[in-house]
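Quick notes on the structure that follows.
The values are calculated or read from the model by the stated rules, or taken from the named source; none is laboratory data. Since we're looking at a predicted model, the values are computed, not measured. When we count neighbours, we look across all protein chains shown, and the Cβ atoms used for this are built from the backbone with ideal geometry, even at glycine.
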Amino acid sequence: MNYKTAKEFTDRVKAKALGQNVLTSISPGQLLTKITHDELAELMGGQAAGINMSGNPTVVLMSGLQGSGKTTFSGKLANYIRRKGKRPLLVACDVYRPAAIDQLETLGRQLDIAVYSERANNDPVSIARNAIAFARQHGFTAVIVDTAGRLAIDEAMMDEIARVKKAIDPQETLFVVDAMTGQDAVNTAKAFNDRLNIDGVVLTKLDGDARGGAALSIRSVVDKPIKFIGTGEKMEALDEFHPDRMAGRILGMGDVVSLVERAQEQFDEKQARELNKKIAKDQFGFDDFLEQIGQIKKMGNMKDLMGMIPGVGKAIKNIDIPDDAFKGIEAIIQSMTPEERRNPAIINGSRRNRLARGSGRGIEEVNKLMKQFDEMRKMMRMMGDKNKMRNMMRQMQQMQGARR
Ligand SMILES: Nc1nc2c(ncn2[C@@H]2O[C@H](COP(=O)(O)OP(=O)(O)O)[C@@H](O)[C@H]2O)c(=O)[nH]1
Ligand SMILES: [Mg+2]
């Protein structure tokens, strides 16, 4: 990304982050991730940009280098447009390789979508023009023109596609680019946009390892929306481009963002302030602990929540995590008298035995909880630092959930 864009971006993230409340159930790092995510999504266009289907027929022109996925995408788009109620015609304007026409015709047969080609004609401009006339005559309401690409940008290719565009005046000129080409994609996008004034970008091969940083760079250099992404060779693998999902992918942060959103929904500022006061006065007791657990539980199913933490989702996929991960802790706390909850220091050996019997959880579990709680309070006292403490609590609670 260029320096100016990057600088503006970080300034915006900074400004937003400085004014934020840190919630009890998420860490400042997670909150920052969320802010960064939202700004990234904004940078990539905020909303998903649709395709312009006005015009009868709607004409869409494909452009891009060879191998970027133009022909594949043409088929996917025809399929997509048909689902939107149009009657599409695919047009083979890649006249340099007979195999290219075969490829499009195969796709057409597979999808049961008509393909227009002129094998004896090697002028893409007249083929495209003829195809539009053919579409009008035969009641096709959308025309998708697949073109030839070169391995690198060259003047002959640019000139040819510019002439095709002029001849058919499409509603949409799409630039198709392989997400795996990284920064090269930016230069190519710029070259095509300078020459063709494209309407949108299609980022293909996102089913691979590419994180999608190209989406950011392209957007900041050509300022044209990314409209679709390709996530496979199958004809169904066409997705509308959603800036927010792409931002998540670029950050590689699993679903931290939705985790934060849920926490923000559940967050009760007044409660949090009271909690902070108690901690400051070293009055954090089991009732408060119970309340915290309640807050976490409100956020949703334990396994779902854990799955949103980057790296954890996969690891716990096949592990059975009961939804009532806190059940034991809750049972023990509920067996305590109000005095014990307020002042855990009085919970001696005989009281512990009573709690174990009362909760039906066994003395080891009671001891474990007492120990954890004790450590937690020690930590709070020691640090007197609100943020660090919140982290600790969060970690403890997560640990507790994972172990059970
Ligand atoms: N994995 C994956 N492969 C793709 C995708 N789009 C296209 N391809 C493959 O990339 C290769 C080149 O695609 P093609 O449509 O022929 O590119 P063109 O030269 O621009 O017409 C083919 O093998 C396609 O199957 C995609 O989104 N994901
Ligand atoms: Mg092709």
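Of all residues in the stretch 146-156 being within 12 Å of ligand 1 (Cβ to nearest atom) and hydrophobic (A, V, I, L, M, F, W, C), which is nearest to residue 84 (Cα to Cα)? Can you show your working first?
Taking the stretch 146-156 and keeping what is within 12 Å of ligand 1 (Cβ to nearest atom), we get 146-151.
Narrowing further to those that are hydrophobic (A, V, I, L, M, F, W, C): 148, 151.
Numbers: 148: 27, 151: 33 Å.
Of everything passing the filter in the stretch 146-156, 148 is nearest to residue 84 (Cα to Cα).
For every residue, the table says whether it meets (1) at pLDDT below 85; (2) surrounded by 20 or more Cβ atoms within 10 Å (Cβ to Cβ); (3) within 16 Å of ligand 1 (Cβ to nearest atom).
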site	(1), (2), (3)
29	yes, no, no
40	no, yes, no
49	yes, no, no
53	no, no, no
60	no, yes, yes
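Only one of 345, 331, 356 is loosely packed, with under 15 Cβ neighbours inside 10 Å and assigned by TED's automatic domain parsing to the domain that holds residue 287; which?
Numbers: 331 fails: loosely packed, with under 15 Cβ neighbours inside 10 Å; 356 fails: loosely packed, with under 15 Cβ neighbours inside 10 Å.
Answer to the selection: 345.
List every residue pair whose Cβ atoms lie under 9 Å apart, where the two residues are 6 or more positions apart in sequence or sit on different chains, the first residue falls within the stretch 315-338 and is modelled with pLDDT under 65, and the second residue, located anywhere, is among the small types (Gly, Ala, Ser) and assigned to a loop (DSSP other than H, G, I, E, B).
Correct list of pairs: empty, since none qualify.
Evaluate the following for residue 71: is it at pLDDT 85 or above, buried (at least 17 other Cβ atoms within 10 Å of the Cβ), more than 16 Å from ligand 2 (Cβ to nearest atom) and β-branched (Val, Ile, Thr)? Lay out the reasoning, then the answer.
Values: at pLDDT 85 or above: yes; buried (at least 17 other Cβ atoms within 10 Å of the Cβ): yes; more than 16 Å from ligand 2 (Cβ to nearest atom): no; β-branched (Val, Ile, Thr): yes.
Criteria not met by residue 71.
The rows are residues; the columns are (1) more than 12 Å from ligand 2 (Cβ to nearest atom); (2) more than 32 Å from the chain's Cα centre (by Cα); (3) surrounded by 19 or more Cβ atoms within 10 Å (Cβ to Cβ).
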residue	(1), (2), (3)
100	no, yes, yes
116	yes, yes, yes
119	yes, yes, no
126	yes, yes, no
138	yes, yes, no
145	no, no, yes
156	yes, yes, no
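Considering the stretch 107-126 alone, what residues qualify as being in a helix (DSSP H, G or I) and more than 15 Å from ligand 1 (Cβ to nearest atom)?
Initial filter on the stretch 107-126 (in a helix (DSSP H, G or I)): 107-111, 124-126.
109, 125, 126, listed by residue number.
Residue by residue through the stretch 102-114, note down the ones that are surrounded by 15 or more Cβ atoms within 10 Å (Cβ to Cβ) and touching a residue at least 60 places away in the same chain (Cβ under 8 Å).
107, 111
Of the residues 152, 189, which single one is at pLDDT 90 or above and within 22 Å of residue 221 (Cα to Cα)? Working first, answer last.
Details: 152 fails: at pLDDT 90 or above.
Matching residue, one of 152, 189: 189.
Residue-by-condition table, conditions (1) at negative phi; (2) surrounded by 17 or more Cβ atoms within 10 Å (Cβ to Cβ); (3) over 26 Å from the mean Cα position of the chain (by Cα):
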position	(1), (2), (3)
130	yes, no, yes
148	yes, yes, yes
161	yes, yes, yes
181	yes, yes, no
201	yes, yes, no
217	yes, yes, no
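From the set of residues in the stretch 204-250 that are among the aliphatic types (A, V, I, L, M) and closer than 16 Å to residue 39 by Cβ, which is modelled with the highest pLDDT? Even if it seems obvious, please write down each step before you answer.
Taking the stretch 204-250 as the starting set, the residues that turn out to be among the aliphatic types (A, V, I, L, M) are 206, 210, 214-216, 218, 221-222, 226, 229, 235, 237-238, 246-247, 250.
Those still in the list that are closer than 16 Å to residue 39 by Cβ too: 215-216, 246-247, 250.
Numbers: 215: 81, 216: 79, 246: 82, 247: 85, 250: 80.
Within the stretch 204-250, the match that is modelled with the highest pLDDT is 247.
Please tell me if residue 33 is buried (at least 21 other Cβ atoms within 10 Å of the Cβ), out of contact with any Leu (no Cβ under 6 Å at 6 or more places or on another chain) and of a type outside the set (Lys, Arg). Step through it out loud before you land on a result.
Details: buried (at least 21 other Cβ atoms within 10 Å of the Cβ): yes; out of contact with any Leu (no Cβ under 6 Å at 6 or more places or on another chain): yes; of a type outside the set (Lys, Arg): yes.
Considered against the rule, which asks whether it is buried (at least 21 other Cβ atoms within 10 Å of the Cβ), out of contact with any Leu (no Cβ under 6 Å at 6 or more places or on another chain) and of a type outside the set (Lys, Arg), residue 33 comes out as yes.
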